[in-house]
Amino acid sequence: MIDKDLVQIKVAGPNATVVTLPAPTNMSLSLMELLKGNGYPIQATCGGMALCATCHVCVLEGYEQVGEPASDAEWAMLDSLFNTTDTSRLACQVRIGHACDNMLVKILGDT
Ligand code: FES
């Protein structure tokens, strides 16, 4: 049986590995909270306010379908990083919803 309140978020790791995380769509979770909750080392020192960039991810697949586009504040923070890509997002600003299903991300952090 398929749970309509779950989506799959894929996380790219070293050596071309990919981990698939089940993610609830009915808890208003951010992608940052999902990643932290699954043990990924994201500091999130700003608590999800788009101020620290420690949750910086590159969306490798599904960027267009993420949902809410980046806000001006998010773009300003991403612009300040040396490793921002065309498909970068701050994971704390991405709300997990059905649009995120099968999204593939790589964690870049603030380095
Ligand atoms: S948690 Fe600080 S910018 Fe996302």
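Nothing in this text is a laboratory measurement; each read-out follows from the coordinates by a stated rule. This structure is a prediction, so every number in the text was calculated from the model and none was measured. Because the Cβ atoms are built from the backbone with ideal geometry, glycine has one as well, and the counts that use them run over all protein chains shown.
Considering amide H positions built from the backbone, and no H for Pro or chain starts, which residues 5 or more places from MET103, or on another chain, come under 5 Å of its amide H?
Residues meeting the criterion, in which the H sits 1.01 Å from N, are LYS10.
Spelling out what I want: for every residue of the stretch 53-64, take phi, set θ = phi - 60°, compute 6.51 cos²θ - 1.76 cosθ + 1.60 (Karplus), and round to whole Hz; glycine and proline get x.
6, 6, 9, 4, 10, 9, 8, 7, 9, x, 4, 5
Three principal axis extents, largest first, for the C-alpha atoms of the stretch 6-107, in Å?
Largest to smallest, the principal-axis extents are 33, 32, 26 Å.
Using 1/(1 + (r/R0)^6) with R0 = 30 angstrom and r between the beta carbons of SER71 and ASN15, what's the FRET efficiency to the nearest 0.05?
With R0 = 30 Å, the Cβ-Cβ based efficiency is 0.30.
What are the trypsin sites (Lys or Arg not before Pro) within the stretch 1-107 that DSSP puts in a loop, where the Cβ has at most 16 other Cβ atoms within 10 Å?
Passing both the DSSP loop test and the Cβ count: LYS4.
Give me the one-decimal nm value for the distance between modelled label points at MET49 and ASP101, 7 Å along each residue's Cα-to-Cβ direction.
About 3.6 nm, to one decimal.
Can you compute the helix-only [θ] at 222 nm over the chain? Use -39500 (n - 2.57) per DSSP H run of at least 4 residues, normalise by all residues, nearest 500 deg cm²/dmol.
Values: 2 runs with 15 residues, N = 111.
After summing the helix terms and dividing by residue count, I get -3500 deg cm²/dmol.
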